[in-house]
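For reference, the structure discussed in these notes is given below.
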Amino acid sequence: LLLRAEQERILRLDPRPALTDGGLDLDFHGFTRLFHTRGWLTDPEFDLLRRFYLHTRELLPPPNLIIHLTASDAAIQTRLAARDRINIASAADASLLASFLDEWLAQVPRDRLLRLDVTEETESYQNVLPVILSRVAELPS
């Protein structure tokens with residue numbers, strides 16, 4: 001979480017738009033909650049991370065735009081299996097992770113959220129990139 005907060009702070013110093021894969025909010029609302037649910041974080045550890053997240057989010061403004069990519073369970077399983085790295089979350093965790101993210105995203109104002117289903121998207125994301133870039137261009141500078 002600290003690394004994500006540092007990345008976000010540095011990116012905000014640059015006047016150009018920036019895009020991160022994941023970020024502070026996803027790491028807390030998704031993975032930290034998942035790890036706690038799975039018993040990989042104790043209650044006191046989770047509470048410390050929750051307090052850190054809340055404090056940090058008070059110091060840093062929320063993202064101007066959250067791009068929420070979704071895909072079918074089958075597509076997620078295929079993509080996880082094809083990754084050339086250790087997966088910290090299994091395909092079985094995908095629905096739990098999605099439920100945590102849905103809870104968080106339900107609180108995000110609609111004008112700050114772009115939801116895209118990428119089930120049929122290619123590895124280059126050539127179909128959704130123009131949609132994303134168009135939405136980013138609309139953001140206030």
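Any idea which of (1) in a helix (DSSP H, G or I); (2) more than 23 Å from Thr37 (Cα to Cα); (3) of a type outside the set (Val, Ile, Thr) is the one Phe100 doesn't satisfy?
(2)
Could you tell me which residue of the stretch 27-50 is least open to solvent (accessible area, probe 1.4 Å), considering only residues that are within 13 Å of Leu2 (Cα to Cα) and among the aliphatic types (A, V, I, L, M)?
My answer is Leu49.
Looking only at the stretch 11-25, how many residues end up being open to solvent by 100 Å² or more (accessible area, probe 1.4 Å) and part of a loop (DSSP other than H, G, I, E, B)?
Residues flagged as open to solvent by 100 Å² or more (accessible area, probe 1.4 Å) and part of a loop (DSSP other than H, G, I, E, B) within the stretch 11-25 amount to 5.
Report whether or not Asp21 is under 19 Å from Ile132 (Cβ atoms) and modelled with pLDDT of 95 or more.
no
Pick out the one residue from Leu133, Leu49, Leu114 that is in a helix (DSSP H, G or I), closer than 25 Å to Ile10 by Cβ and in contact with a His (Cβ under 9 Å, 6 or more places away or on another chain).
Going through Leu133, Leu49, Leu114 in turn, the sole match is Leu49.
Tally time: how many residues in the stretch 101-127 are open to solvent by less than 90 Å² (accessible area, probe 1.4 Å) and under 28 Å from Tyr53 (Cβ atoms)?
12
The values are calculated or read from the model by the stated rules, or taken from the named source; none is laboratory data. Values in this document were obtained by computation on a predicted structure and should not be read as measured data. All Cβ positions, glycine included, derive from the backbone under ideal geometry; neighbour counts span all protein chains shown. Areas reflect the complete protein model, heavy atoms only, side chains present, ligands, DNA and RNA absent. Shrake-Rupley method; radii C 1.70, N 1.55, O 1.52, S 1.80 Å.
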